[in-house]
Ligand code: AMP
C-alpha cells in the first residue's frame, strides 16, 4: 500500500469542494484547488530534476506558495527541508552544506544572491525564487505546468522532511521525519482533539517549525477542516477572525498577549471549541487568567521536532494546569533515572523517553549522535526532564541541559518558575544556574514585571521560602525589561546564562 502521507490526506477527504485555506490577503482555496496547485508544483519540481529522495530546501517568509511546495514535495516523494528565514548568511550556508539539497527556494533577493555565491560551479544545487513579480520563479513554472500528478509510491519509513532542531547548545541537527511519522501523528491529533471538516483553525504560527507545519496543517488536512492563514500574529486581525473560528493553536506568548487584551472575551470567543498551547511551558497562572477571561481551558500538549507530538491533556476530562497530559494513542513514554537509567516511580523526576510511530528516523548524516540518543530498546531520550504525577499526567521540569546542580543538589527550574510565575507582579520568569565558587552553580532567577507593579526581590524570596527548600531559593533575582525568546516563544536560557555569567564572580 502507498504510505505517501499525501495519499492518506486524499483518501480521507469526503468532498473535494470543502474549503481549505483563506489567506489574510483574502484569497480562498478549496481542497480541489489544493490538489491542483500541489500537482502543478510537483510537475514543476519534476521538470527541474527533483526526484524521490531529492532534498528541496526552503527559506521563505510565511507564504501560501510554500504550502503548495510542501505538499508537492510529499507528492514527488522529495524531502522537504525548511529553515527559519531569519537565519543569517553563515547559518544558511551551514544548512545548505549539511543537507546538500538539489534545489534551494527563497523569496529574498539578497539570500538568492548569497546562495549563488556559496555554490561552486559543479554544485548540483540549483537556486530559485519561490515567487517574484518579474523573472523566472517556481510559482510561474508551476502556473505553466499541468495540474495532474500521480503521487509517488512511498514506504512509511521514507523520509518526508528534514527539520533542523533549534541548536541552542551545539550545532543544529536535521531530524529526518518519515511519512509514517506524519501520518500517525496527524491521525492521532485529529482523533483526540475531535477535528472534523466543520473546523476552522486560526493559523498564526510560522510554517518552518513542527508546530505550525505539521501539528496545524497535517491535523487539519486529515480531517478535511479549514484554515485562516495569517502571515503573523496581529491583534486587530485576531479580534476580527476569532468570532468565526473553532480552534486556535498558539505558543504561551500568544496567550499572554491575548489575556492582556480586554476585547478578547468570553463573548468574542464563544464559537471557539479549542485553544491549544505548546512549544514552551504554559504557566499555571496564565492558564488560570485565560480561563477567567474567556471561560476556555487551554489544552496544553507536548512535543518536539524529533518526535512530533508526544502527549496531550485530554479533550474531555481534566486539563491540569502545569502538566502536559497523557501519551497520544500508540505512543509510549517513560521516565528513567539519570544515574541508573532504570524507570523511576511516579512523582520522581528523571529523563523523559518516548517510543512510537511518531518518533523520527534519526539525525541526518549523524548516525553516531542518533545512536547515542536512543536506548537499547529503541526509546528516544528527549533531553527533557519530568515526572508522572499521581493522576498519570506528565509534568516537565526543564531541559536536561538546564538542570542546575547547586552544592551537589539537583534543582529543577520548572518547579521554581511555576511558583514565581504565580506571583501577581511577575509577568514571566526563567531560573538558571550561573557559575558560583561555593555552589558550583548558583540558582538565579530572571523576571519581568507587570507594568505598573513593583519589583521587590526580598518579597519574592520570602514567598518562595514558604514553599521551597532553602537550596532551591535563588541567590539573586534579576529584573529584566524583556525575556530573550526565539520565534516559538521559548525563553533562550543560553542567552541568559551568557549575559549573566559573571554575576557571582566576586561571590557577592
Ligand atoms: P522544538 O523541537 O523546537 O519543538 O522544541 C521542543 C522542546 O520544547 C521540547 O523538548 C520541550 O523542552 C519544549 N516544549 C514543547 N512543548 C512544551 C510544553 N507544552 N511545555 C514545556 N516545554 C515544552
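The values are calculated or read from the model by the stated rules, or taken from the named source; none is laboratory data. As the structure is a prediction and not an experimental result, all values here were calculated from the model. Counting neighbours? That spans all protein chains shown, and the Cβs are built from the backbone with ideal geometry, glycine included.
Restricting attention to the stretch 282-308, which residues are more than 9 Å from the ligand (Cβ to nearest atom), in contact with a helix residue (DSSP H, G or I) (Cβ under 9 Å, 6 or more places away or on another chain) and under 25 Å from residue 352 (Cβ atoms)?
283, 284, 285, 286, 287, 297, 298, 308 - these are the residues of the stretch 282-308 that are more than 9 Å from the ligand (Cβ to nearest atom), in contact with a helix residue (DSSP H, G or I) (Cβ under 9 Å, 6 or more places away or on another chain) and under 25 Å from residue 352 (Cβ atoms).
Restricting the search to the stretch 16-36, which residues are at pLDDT below 95 and either in a strand (DSSP E or B) or at positive phi (or both)?
Our first condition is that a residue be at pLDDT below 95; within the stretch 16-36, this holds for 24-26.
Selection gives 26 alone.
For residue 374, state whether it is crowded, with 20+ Cβ neighbours inside 10 Å, within 16 Å of the ligand (Cβ to nearest atom) and farther than 26 Å from residue 463 by Cα.
Working: crowded, with 20+ Cβ neighbours inside 10 Å: no; within 16 Å of the ligand (Cβ to nearest atom): yes; farther than 26 Å from residue 463 by Cα: yes.
No.
List pairs: first in the stretch 361-377 and farther than 24 Å from residue 182 by Cβ, second at pLDDT below 95 and buried (at least 18 other Cβ atoms within 10 Å of the Cβ), Cβ under 6 Å, 6+ apart or cross-chain?
none
Which is crowded, with 22+ Cβ neighbours inside 10 Å and within 19 Å of residue 411 (Cα to Cα), of 328, 385?
On the way: 328 fails: within 19 Å of residue 411 (Cα to Cα).
Result of the check over 328, 385: 385.
Any residue in the stretch 282-301 that's closer than 12 Å to residue 315 by Cα: show its pairings with residues that are assigned to a helix (DSSP H, G or I) and away from the ligand (no atom under 12 Å from the Cβ) at Cβ separation under 6 Å, as long as the two are six or more apart or on different chains.
Here the result reads 297/291; 298/290, each pair linking the stretch 282-301 to a residue that is assigned to a helix (DSSP H, G or I) and away from the ligand (no atom under 12 Å from the Cβ).
Out of all the residues in the stretch 4-52, which are more than 17 Å from residue 217 (Cα to Cα) and surrounded by 17 or more Cβ atoms within 10 Å (Cβ to Cβ)?
36, 39, 40, 41, 42, 43, 44, 45, 46, 50
Keeping to the stretch 310-325, report how many residues are within 16 Å of residue 194 (Cα to Cα) and either near the ligand (Cβ under 10 Å from one of its atoms) or touching a strand residue (DSSP E or B) at 6+ places or on another chain (Cβ under 6 Å) (or both).
So the answer is 4.
So which of 398, 433 ends up being modelled with pLDDT under 95, in a strand (DSSP E or B) and crowded, with 20+ Cβ neighbours inside 10 Å?
On the way: 433 fails: modelled with pLDDT under 95.
Sole residue among the options that is modelled with pLDDT under 95, in a strand (DSSP E or B) and crowded, with 20+ Cβ neighbours inside 10 Å: 398.
Looking at 341, 262, 271 in this structure, which one is within 30 Å of residue 411 (Cβ to Cβ), away from the ligand (no atom under 15 Å from the Cβ) and either free of Cβ contacts under 8 Å to residues at least 12 places away in the same chain or surrounded by fewer than 17 Cβ atoms within 10 Å (Cβ to Cβ) (or both)?
Numbers: 262 fails: within 30 Å of residue 411 (Cβ to Cβ); 271 fails: within 30 Å of residue 411 (Cβ to Cβ).
From the options 341, 262, 271, the qualifying one is 341.
Being without any contact (Cβ under 8 Å) to a residue 40 or more places away in the chain and within 20 Å of residue 71 (Cβ to Cβ) is the filter here; which residues of the stretch 145-186 pass it?
150
Report yes if residue 258 is under 22 Å from residue 201 (Cα atoms) and assigned to a helix (DSSP H, G or I), otherwise no. Lay out the reasoning, then the answer.
Details: under 22 Å from residue 201 (Cα atoms): yes; assigned to a helix (DSSP H, G or I): yes.
It is true that residue 258 is under 22 Å from residue 201 (Cα atoms) and assigned to a helix (DSSP H, G or I).
When you scan the stretch 185-194, how many residues do you find that are surrounded by 23 or more Cβ atoms within 10 Å (Cβ to Cβ) and touching a strand residue (DSSP E or B) at 6+ places or on another chain (Cβ under 8 Å)?
The initial filter retains those residues of the stretch 185-194 that are surrounded by 23 or more Cβ atoms within 10 Å (Cβ to Cβ), namely 185-186, 188-189.
Retained after the next criterion (residues that are touching a strand residue (DSSP E or B) at 6+ places or on another chain (Cβ under 8 Å)): 185, 188-189.
Number satisfying all stated conditions: 3.
Can you name the condition, by its number, that residue 281 falls short on among (1) buried (at least 21 other Cβ atoms within 10 Å of the Cβ); (2) modelled with pLDDT of 95 or more; (3) part of a loop (DSSP other than H, G, I, E, B)?
Every listed condition holds for residue 281 apart from (2).
Every residue, every condition in (1) in contact with a strand residue (DSSP E or B) (Cβ under 7 Å, 6 or more places away or on another chain); (2) assigned to a strand (DSSP E or B); (3) free of Cβ contacts under 8 Å to residues at least 40 places away in the same chain; (4) farther than 22 Å from residue 143 by Cα, yes or no:
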{"site": "38", "(1), (2), (3), (4)": "no, no, no, no"}
{"site": "43", "(1), (2), (3), (4)": "no, no, no, no"}
{"site": "53", "(1), (2), (3), (4)": "yes, no, no, yes"}
{"site": "71", "(1), (2), (3), (4)": "no, no, no, no"}
{"site": "75", "(1), (2), (3), (4)": "no, no, no, no"}
{"site": "80", "(1), (2), (3), (4)": "yes, yes, no, no"}
{"site": "93", "(1), (2), (3), (4)": "no, no, yes, yes"}
{"site": "96", "(1), (2), (3), (4)": "yes, no, yes, yes"}
{"site": "117", "(1), (2), (3), (4)": "no, no, yes, yes"}
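What strands (runs of 3 or more DSSP E) lie completely within the stretch 141-218 and have 3 or more residues being closer than 30 Å to residue 272 by Cβ and away from the ligand (no atom under 16 Å from the Cβ)? If you could, list the steps in order and put the result at the bottom.
Details: elements: 159-164, 174-178, 200-203.
The qualifying strands (runs of 3 or more DSSP E) are 200-203.
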